[in-house]
Structure formats: structure tokens, C-alpha cells
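Accompanying notes for the structure given below.
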Ligand SMILES: Nc1ncnc2c1ncn2[C@@H]1O[C@H](COP(=O)(O)OP(=O)(O)OP(=O)(O)O)[C@@H](O)[C@H]1O
Ligand SMILES: [Mg+2]
């Protein structure tokens, strides 16, 4: 278990700078998820922490010890790769025990630790098989087993679930989370899937273009996204964003967009200021007919069982609306929307920052 | 079987039969000679009247003038071929690992320079090689031929092994590094086992190259006791009235080890020479 701290980390490949001064402190035992779109530099950050990539600038410390010049093998971190990277010529048992064997642990210790890990991961029946004889999910567990037998200071995961099918991914997500709750080892987990980030993380760092856009717990990011990027990245289906202008009169404020008034809780900003108005699909309710809601027309109805996703059109702009239960609606029907003021977000269109 | 399948099968045989005959007829000829007695050797029959194995006995008992050193020479052939195989493998494996996995600076340049030597015909290199071996006092020692053959075999061996190494997933090296492996441990515990098919293929290639070599063997070695059998066989041609049936019997014996090696490792030869043949 350990504290990990990145400070002012930079990295360039040739002339392209891919990490621009990232600082991030990860607490002892924390499950930190780095999430961001493809190519934003998440893997690069993780690989610098693992010692697989030279650190371009700044320092990385594990437990207060700067590891910039420490060899990967002396950092006491364990990594689970997207491709699993199991040694094809070794059995599951040998794969898991490899690091201990290199450390010259006694056979008794290796046997003990491997079978303990195998028990935790339900791998006992497969210990004498080769990786090619395992399913994707089993391989994934072996890769995790290889990491946990070492009892490392930090676990690193680089998109470990992206090669699995949807169902297995959900199962493994829970398994990794349970494992973390059991071992309480500091974990850095990289993914581009915001659902994975939301469900697993203690805290999430949203990375974009080599910078941390926002750092916080999953619900902090969901409730109060610091900028447009985070607002659109976190949450599924994505937040609706409209261009408009702030209208303030006394205590009440709203955003005028698409010729309608969209209520917001009073916030900063000045009257008449152009803004971007954001509202999540699940925060748009229905108003009774003629009760002053926003008139819209149904375009698509997607019943999912527990909830229904609607695409509706307001003055030629499509919005997504999610409603619990079933909606007795058909394309072409008219309805009246009532967005919740308490859950509306207002952003400065120039900087993208929350107002 | 559909008619289309039948047709393509027929076309295949149309190509295969001439090729098969082309390669098998000379071998059949050697075989025919080796089981004929001296008088019937040139009879031109498709099968000798009285097939005999006496020629082989003559060879094994070294009863012919040209074969007084048969066992000695076949031992030389074997010794040289195995030494060339082992040394080429050692050199090429280390080079491929350094170039492909450790990304040693200038590694690719060295490999390309080595491959460039193939632009010079081996025959042109013979004289400089002879002088070099003379300078080191190795002439007439089996080592001279071994070193010469390693020189000739290595560039290709390095190139093939480097291509195969490049196909190993890079994450394996990274995983091993994180697991705590030093470069040497990585080489021994991860790289070598995964490269095994390619190593077998390249080792076989070097062994067969040395086993079949004539020019350099003829040039660098001249003593009856140091020459390999290939050169010894060449001596048969020195006389006007060569005992062909004995020569052919010896040739057949000489051709057996390569055939056996090839048969044993055929799986690796095809896979290994064309690809890394390693599942990740
Ligand atoms: N070895 C390299 N040489 C040159 N450029 C690289 C190298 N590795 C990564 N990059 C570049 O650095 C940027 C960040 O790469 P990185 O692998 O960290 O992205 P990522 O956030 O992990 O993306 P993904 O979700 O697709 O894995 C990318 O634009 C990539 O092209
Ligand atoms: Mg990545």
C-alpha cells in the first residue's frame, strides 16, 4: 500500500507533447481511475509510473520516494495489461509464480502464495493449463493473479476489460472492485469507458489532451462537472447541450435557448451573457399539457424495460430524454418538457468553464 | 467431391508429378547404382539383376582405396556441421535479441551491413578467407571451416531470427520487466522458450549448410584426416575408372542424416522460416 504522487509530469514523443504538466496525488489504498478519450495520454501516464516509459519532466513518487530513476523491477508495482501479456509457454501456476521465482522465493512460499491467489480468483481448476487453453475472462483473472501474488505497493491496470464481451466486462468489473475492497492496495486504473470509471472509482481523474480536466469522486463529477468536456464525457446517455443566453431577473434566472426559457438555479454570470446550457437526459421531466412546459415532438422511442429513452425535437434541435418506467408515446406525438432547474448546468462558451 | 474441386486437384497433380519425377529420378539413380554390382552398374536396367548390399559393406569396412578414412571423414562432417549449427545459433540469437528486443543503438545498421555481404559471391570471398585463416594459423584445422561457415550462415540467421523476434508481443517483455526480470533473465526465461521453433529451423539450416558445403571445405582443408566426407567423395573423381557403385553408396549414406533431420523438424522448417510461428 502506498501513496503515489505525480507532480508536474510532462512527456513528449519527438516533437509532440502528449502530457502537459499533470499533478495528481493518489491516497494510500485509493482506487483511482484515469479516464479520457483515446490518445489523451492515460496509458503514457501509467507507463511512466510503471517505469516502462521515461519520465519527460517533473517527478513521480511512491511513498515519498522519487522513482524517476528507479528501474521498473525495483518499483514494486504490478501491472495488468490490456492484452494480458501472459507468458504463453508457462502454465497458469508458472505465470503467477514467475515474479516470486525471479525474487528467489522458496518453492514453499511460491506454492502457498499462488494457491492463495488462485483461491481468491477461482482459478484453482486451471492452475496446470496453458494460457491458450483458457477463455478471455480466465486469462484476465490469471493476469490479475500474477499481480496479486506479488503483494505490490501499487496495482496498475491499463484497460484490462476492453477485450472482453459486455456481460463478462460487467462481471469482471465487480470482481476487480471486490478484490480491491479485500486487498486495499492502492490502484491506478486506466479506461476510456466512463461507466467503468463511475462504477469502480473512489476518485476519477478525467484526462483530456494531456491535462487533467477534473478530479473528484464519481458523483462530484456527475453533479458538478467543472467544464463542458467533463459534462459531456461523464454520464450516459450524454448530457444535452444548448446554446443560449442567460436571463436574470431578481432571484430567478433562466437560459433563453431555442426560443424557450430553460430554468436554472441562480448562479454567477450576468444578464444577457451568451452561455451553453446543459441538462442530463434523466433530469428532463414531463409537464402536463398547457402547464407552461417546453413543447417538443417525439422522434424516436427506445424502450429499455426499466427505462425509456426518447429522442425529442425542440425547434429542430434533438434532445435526449430518459424517463423511468414505460412511456406510452409514439413518434410524432407532442409533449411538454419540464427540465429540473436544480440539475441544470451553465457553462461559459468561450472557456468551457462552469458558471 | 464436386467437379471444381476435382479439377483443381487434377491441376495440382499435373504440377506435382513432373516436380516429383524431376527430384526423384536422380535419387533413384543413386540408389540403383548403390545396390548394383560393379559389372551391372552401367547396364541401364530399371532394376539390377542381382541387387546387392555389398557396396555398403565395402564402405563401412573402409575397403576401398578412396574410403580408407571414411569413418574419420564422416565424423569430421558431423563435428563441423554441429559446431557450425551451435555457433551460428549462439551468435544469431544474441544478435537478434539485442537488435529486436533490447533495441541496441546501431543494431539494425550492423544487421544490414552483415546482410550486405551476400552481395559478394561466396567464391570471391574464398581467397581472402583462405588468407585470413592462414594468418591465424588455422589452415587444415576443422576450425577454419567452422569459422568460415559461421560467417556465411550468420547474416541470414540473424535476419530470420530478428524477423521472428519482432513478432513476439512487446508486452511480454514489459510484463517480465515489471515482474522483476533482468535482461539476461528475460532472454533465458521468456525469449528463448518462445523462439524455440525459429531456433530449431535456423539451427537446422546452419547444420545442413555446413554438411553440404564443398567449396570452402575443399579450399581450407587438405589433409585426408581433416576433410569432411563431401570433399572425400570428390576425390573419387580423380581416377579415370572410378568405382561408381561405391561412390553412390557413400553418397546415399551421406544424404541420410540431412533427410532425417529435415524429416524430424519439418514442422519447424516451414513455420519457422516463414514466420515467428508463436502464438501469443
Ligand atoms: N511510443 C510512442 N511514440 C510516439 N507517440 C506515442 C507513443 N506512445 C504514445 N504516443 C502518442 O501519445 C499519445 C498518448 O498516447 P496514450 O497511449 O497514452 O493514449 P491513451 O490515452 O492510452 O489512448 P487509448 O485509450 O487509445 O489507449 C497518442 O497521441 C499517441 O499517438
Ligand atoms: Mg492506452
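Annotations for the structure displayed:
- Calculated Rg and Dmax of the protein assembly as shown using C-alpha coordinates, Å: 37.0, 126
- A simple spin-label model places pseudo-atoms 7 Å from Cα toward Cβ; at residue B:50 and residue B:130 they are separated by 4.7 nm.
- Overall form of chain A per C-alpha gyration tensor (a/c, 1.5; a/b vs b/c): prolate
- Taking every C-alpha pair closer than 8 Å and separated by at least 6 residues, the mean separation divided by the residue count of the stretch A:156-196 gives a relative contact order of 62 percent.
- Relative contact order of chain A, taken over Cα pairs closer than 8 Å and 6 or more residues apart, is 16 percent.
- Report note on the peptides A:301-307, A:239-245: ranked by the mean count of other C-beta atoms within 10 Å, highest first, their order is A:239-245, A:301-307.
- Residue B:94 versus residue A:245: modelled label distance in nm, points set 7 Å from Cα along the beta carbon direction: 7.9 nm
- For the stretch A:290-312, the residues whose amide N sits under 20 Å from a probe point set 7 Å from the Cα of residue A:238 along the beta carbon direction are A:299-302, A:309-312.
- If R0 is 30 Å, the Cβ-Cβ spacing of residue A:217 and residue A:174 corresponds to a FRET efficiency of close to 0.95.
- Were the residues from residue A:183 through residue A:318 laid out at 0.36 nm apart, the gain over their Cα-Cα distance would be 44.0 nm.
- Once the Cα atoms are used to define both axes, helix B:244-264 deviates from the longest principal axis of chain B by about 30 degrees.
- Estimated FRET transfer efficiency (residue A:224, residue B:62; beta-carbon r; R0 60 Å; 0.05): 0.05
- The convex hull defined by the C-alpha atoms of the stretch B:186-235 has an orientation-averaged projected area of 4.7 nm².
- Prolate/oblate/rounded label for the stretch A:209-355 (Cα gyration tensor, a/c 1.5): oblate
- Packing around the peptides B:156-165, B:256-265, taken as the average count of other Cβ atoms within 10 Å per residue, puts them in this order, highest first: B:156-165, B:256-265.
- Inter-chain Cβ neighbour average for residues B:167-175, partner chain, 10 Å: 6
- Put a dot 7 Å past the Cα of residue A:109, heading toward its Cβ, do the same for residue A:295, and the two dots end up 7.8 nm apart.
- Net length gained if the chain between residue B:196 and residue B:222 were fully extended (0.36 nm per residue, minus Cα distance): 5.7 nm
- Helix B:70-96 vs. chain B, principal-axis angle (Cα, 0 to 90°, nearest 10): 20 degrees
- Peptides A:137-147, B:233-243, A:210-220, ordered by how many other C-beta atoms sit within 10 Å of their residues on average, highest first, read A:137-147, A:210-220, B:233-243.
- Using alpha-carbon coordinates, inclination of helix A:92-102 to the longest axis of chain A, degrees: 70 degrees
- Dividing the mean sequence gap of close Cα pairs (under 8 Å, 6+ apart) by how many residues the stretch A:240-347 holds gives a relative contact order of 30 percent.
- Alpha carbon centroid spacing (whole Å) that separates the stretch A:259-304 from the stretch B:97-136: 75 Å
- Rounded if a/c under 1.5, otherwise prolate or oblate - chain B, Cα gyration tensor axes: oblate
- Placing a label point 7 Å from the Cα of residue A:23 along the Cα-to-Cβ direction, the residues of the stretch A:181-214 whose backbone N falls under 18 Å of that point are A:205-208, A:210-214.
- Antiparallel content of DSSP bridges confined to chain A, in %, to 5: 80 percent
A short reminder: the numbers here are calculations on the coordinates, not readings from a lab. What you see is a predicted model; the values in this text were computed from it and never measured. We place every Cβ from the backbone using ideal geometry, glycine too, and count neighbours over all the protein chains shown.
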